[in-house]
Structure formats: C-alpha cells, structure tokens
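Engineer: Please read through the structure below; I'll follow up with questions.
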Amino acid sequence: MKSASALIALTLFGSAATAQTTVSKAPFGNTPDGKPVDAYTLKDKALTVKIITFGAHIIQIDAPDRTGKDADVVLGYTSMDGANSGYIADNKTYMGSVVGRYGNRIAKGQFTIDGKQFQVDTNEKGNTLHGGKDGFDRRNWTAKQIPGGVELTLVSPDGDQGFPGTLTAHVRYTLTGDKLKIAYSATTDKPTVLNLTNHSYFNLAGSGTVLNEVMKIDADRYTPIDSQSIPTGDLPSVAGTPFDFRTPTPIGARIHADNPQLKLAKGYDHNFVLNPPHTLTHPAVVVTDPGSGRTLTVYTTEPGVQFYTGNFLDGTFTGQTGKEEQYDGFCLETQHFPDSPNHPAFPTTVLRPGQTYNTTTIFQFTAK
C-alpha cells in the first residue's frame, strides 16, 4: 500500500539534545463505507510508532532490546480487513484504539447529570463498555501532522450513542526519543461524561505470553468488581492480595490464585487507584521483560489505570505474530475509574460547557 508517490514525509529538528523525528503519511485501506484510512508513522532514533485514523489505533511500536534488536511490542494487524483479521473484523478486543466516549464500563448504561437521567447504548451484559456498539474505536478520525507527531480529531454529535452534548475530541500522539506522549483534550456544549483512554495490548518480548513480564504499579488500592465487572464502590487495600504490585512481581505469579476477584475476570481486569502525585515525572507503572530487557514506564495525569491481561483473547483473531491467545498481551488503560458517574465518591468524569478536558499519558520504552 505504500509508494514513494503516496508517502508524505515531514522531518522535524529540535534542539541539539533532541533526536531527529520524522512523520510520514501513507494510505491504509478503507472503512466499511469506503472512506480512506491513513497511517502515520512517527520515527525517532529510539522508536518507530504507527497510528491509523480509524479508531485512532496504535498499530505498531518497534522498540529495541538490550542488544539493540527491534521488535513490535504491541498487538495489532497489518491491514484494515481480512479473514479473522484486521481492524474491521475485530470489533471485540479494541486492539490499540482510543475508546470513548466513556472508556471502561457504565452500569446499565445509565447515569444522572444535574437531576436528569440518561440512557446510553449497552453492549456488554446490559452495561455500556467503551462507549457502546459504535464507540470512538469504530470511527474514522480526521488527522493532521504536528511537530513530532499527529493530531486526530473527532466530533461526536449530541445524542451520539445516547450521550448528551456535541463533543469535540482531540488526541495528539507525539514522539520524542524513547517516549510516546498521548495528550487528550475535549470540549462540549452540554454537560456530559467523558473518559478517554488508549487500549493497546503490550508484549515486551514481542511474542508469546506476558506472564513472565515483571510489573510494578504504584497503587495502594484498587476497585473490586461484581459479576458483571462493575465496580462495587469499595476501595480496599491491595496489601495481602494478588493485586499488590507495589514491588516488582511477575504478571503470572498469582494470576491463577484462589481469589474471587481473579476468578470473576479470568485474570486481571481491574482498575488500580494510583497513588499521587499524578504527574508526568512520577512513574505510575513499570514493566520489564526479563528476557529482552525491554522496559515500559508509564507516566500519567490520570487517577487510575485499568490493568487487563488479555483474558478473553481466544484465538479468534490473527495478528501480526499469529493467533491472539489468552495472556498474549496486557493493557494499561490510564483513566478515571469505571462507572464513576454512578459513584459520587469516585473522581468526577463530568465535563461542562466552558471547561476543557485535558489528560496526558507517556509510554517510555527503554532496555535494561
């Protein structure tokens, strides 16, 4: 799909201390209704990142191991469509996409703002997951090149999937050295709820399961779930449970423990309450693959992170490295808490006219 004539390249130079970054654009197929999908490649000395306009998906991150050998460390597809493959066929895993309007779950698809109840689209056990059946992951965003990256924009009309207000959302992916920065912003003309996040599945080894990868999460508490994966509202300590990742622990060390929460989710699929400060200089999560030495450090302004171990990958879809099986990738969805609109004690996700939604997450890739 790529050709010299189709490729538009922009080379950007920073200070002497900043590596050269290139941004290029090429076609990547079409949406089901025939609209063109573009792929943007961000390339710096340390990393190569590819993003498509459909769903604002991250489709590739090439990162070096301790010897300098690159591997793609996110699960994804090489095309828009294909038999049991591609971003059109896969409407279940949210592989690498930006999900919204509300990332994660809203119980019964219902919430109240200023005394008015809203019913939004339900798509999982009578609840709303990642915005509904036609969420932001299924939309073709508009895009433009910016210094060091790409900015994607989506206008969601009033009543979209039942959500109030016309929402204008922006996602800016920029690459500097070994850091991929994702900056989200949005405005609305009516009070609404909003919780944007990226749903990439990471595998720092580049293949196989992630159970041997060693994780540290700076979180003293987490949000337990009920049988429908809705938070109970409690915020218990992780101490003495399989959810204690305050010291580096292999992902698979306790994933099969006799724990009711792990049994409900078939592994980890829980929101962790990140300890303050929620800044871009304080590591929220650090994951290392012992074999390759590749290390992912996550910085975020968000109060929570959904740690998901790909429990429901079942071989239905075939990605770049073969069939996507259980535990082949882990997600770190930086976010506000699931079902926050129905839990007043949780940090609010209400966005009002005149306000600007702003959150930022950085994924840093190094090697030990």
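Engineer: Determine the pairs where a residue that is touching a residue at least 60 places away in the same chain (Cβ under 8 Å), located within the stretch 349-363, has a partner that is among the acidic types (Asp, Glu) with Cβ atoms under 7 Å apart, the partner being 6 or more residues away or on another chain.
Structural biologist: Qualifying pairs under 7 Å: PRO353/ASP189; THR359/GLU302; THR361/GLU302.
Engineer: Here's something else I'd like to know. In this structure, does GLY329 turn out to be more than 17 Å from ASN203 (Cα to Cα) and modelled with pLDDT of 95 or more?
Structural biologist: On the way: more than 17 Å from ASN203 (Cα to Cα): no; modelled with pLDDT of 95 or more: yes.
No: the conditions fail for GLY329.
Engineer: Hey, could you check the stretch 304-337 for residues that are in a strand (DSSP E or B) and among the charged types (D, E, K, R) and say which is surrounded by the most Cβ atoms within 10 Å (Cβ to Cβ)? Write out each step before concluding.
Structural biologist: Kept after step one, since they are in a strand (DSSP E or B), are these residues of the stretch 304-337: 304-308, 318-319, 322-323, 330-335.
Those left that are additionally among the charged types (D, E, K, R): 323, 333.
Details: LYS323: 14, GLU333: 24.
Here the answer is GLU333.
Engineer: Looking at (1) within 20 Å of GLY310 (Cβ to Cβ); (2) under 17 Å from the mean Cα position of the chain (by Cα); (3) not hydroxyl-bearing (Ser, Thr, Tyr), which is the one condition that is false for TRP141?
Structural biologist: (1)
Engineer: Residue by residue through the stretch 123-138, note down the ones that are part of a loop (DSSP other than H, G, I, E, B) and surrounded by fewer than 20 Cβ atoms within 10 Å (Cβ to Cβ). Walk me through how you get there before you give the answer.
Structural biologist: Applying the first criterion (part of a loop (DSSP other than H, G, I, E, B)) to the stretch 123-138 yields 123, 125-126, 130-135.
ASN123, LYS125, GLY126, LYS133, ASP134, listed by residue number.
Engineer: For a quick check of your reading: which strands (runs of 3 or more DSSP E) sit entirely within the stretch 19-95 and have at least 1 residues that are at positive phi?
Structural biologist: Numbers: elements: 21-30, 36-43, 48-52, 58-64, 70-72.
In the stretch 19-95, the matching strands (runs of 3 or more DSSP E) lie at 21-30.
Engineer: Can you pull out every residue in the stretch 244-281 that is touching a residue at least 24 places away in the same chain (Cβ under 8 Å), surrounded by 14 or more Cβ atoms within 10 Å (Cβ to Cβ) and farther than 17 Å from VAL210 by Cβ?
Structural biologist: Of everything in the stretch 244-281, those that are touching a residue at least 24 places away in the same chain (Cβ under 8 Å), surrounded by 14 or more Cβ atoms within 10 Å (Cβ to Cβ) and farther than 17 Å from VAL210 by Cβ turn out to be ARG246, GLN261, LEU264, ASN271, VAL273, LEU274, ASN275, HIS278, LEU280.
Engineer: Failed condition for LEU75, given (1) within 16 Å of the chain's Cα centre (by Cα); (2) more than 30 Å from LYS368 (Cα to Cα), with all others met?
Structural biologist: (2)
Engineer: Filter the stretch 211-264 down to the residues that are β-branched (Val, Ile, Thr), under 17 Å from PHE346 (Cα atoms) and within 22 Å of the chain's Cα centre (by Cα) and list them by number. So that I can check it myself, show each step before the final result.
Structural biologist: Taking the stretch 211-264 and keeping what is β-branched (Val, Ile, Thr), we get 214, 217, 223, 225, 230, 232, 238, 241, 247, 249, 251, 255.
Those left that are additionally under 17 Å from PHE346 (Cα atoms): 223, 225, 230, 232.
Scanning the stretch 211-264 gives THR223, ILE225, ILE230.
Engineer: Quick check on the stretch 16-37: of everything there that is modelled with pLDDT under 95 and hydrophobic (A, V, I, L, M, F, W, C), which residue is nearest to the chain's Cα centre (by Cα)?
Structural biologist: Filtering the stretch 16-37 for residues that are modelled with pLDDT under 95 and hydrophobic (A, V, I, L, M, F, W, C), the one nearest to the chain's Cα centre (by Cα) comes out as ALA19.
Engineer: Same structure again: When you look at LYS190, is it more than 19 Å from the chain's Cα centre (by Cα), in a loop (DSSP other than H, G, I, E, B), surrounded by fewer than 18 Cβ atoms within 10 Å (Cβ to Cβ) and among the basic types (Lys, Arg), yes or no? Before you say what the answer is, go through the steps one by one.
Structural biologist: Values: more than 19 Å from the chain's Cα centre (by Cα): yes; in a loop (DSSP other than H, G, I, E, B): yes; surrounded by fewer than 18 Cβ atoms within 10 Å (Cβ to Cβ): yes; among the basic types (Lys, Arg): yes.
In short, yes.
Engineer: Considering only residues that are among the polar types (S, T, N, Q) and outside any strand (DSSP E or B), look in the stretch 144-175 and name the one that is nearest to the chain's Cα centre (by Cα).
Structural biologist: We begin by selecting, within the stretch 144-175, every residue among the polar types (S, T, N, Q); these are 145, 153, 156, 161, 166, 168, 174.
Adding the requirement that they be outside any strand (DSSP E or B) leaves 161, 166.
Values: GLN161: 20, THR166: 23 Å.
Checking each candidate, the answer is GLN161.
The values are calculated or read from the model by the stated rules, or taken from the named source; none is laboratory data. What you see is a predicted model; the values in this text were computed from it and never measured. Cβ atoms come from the backbone with ideal geometry, glycine included; neighbour counts cover every protein chain shown.
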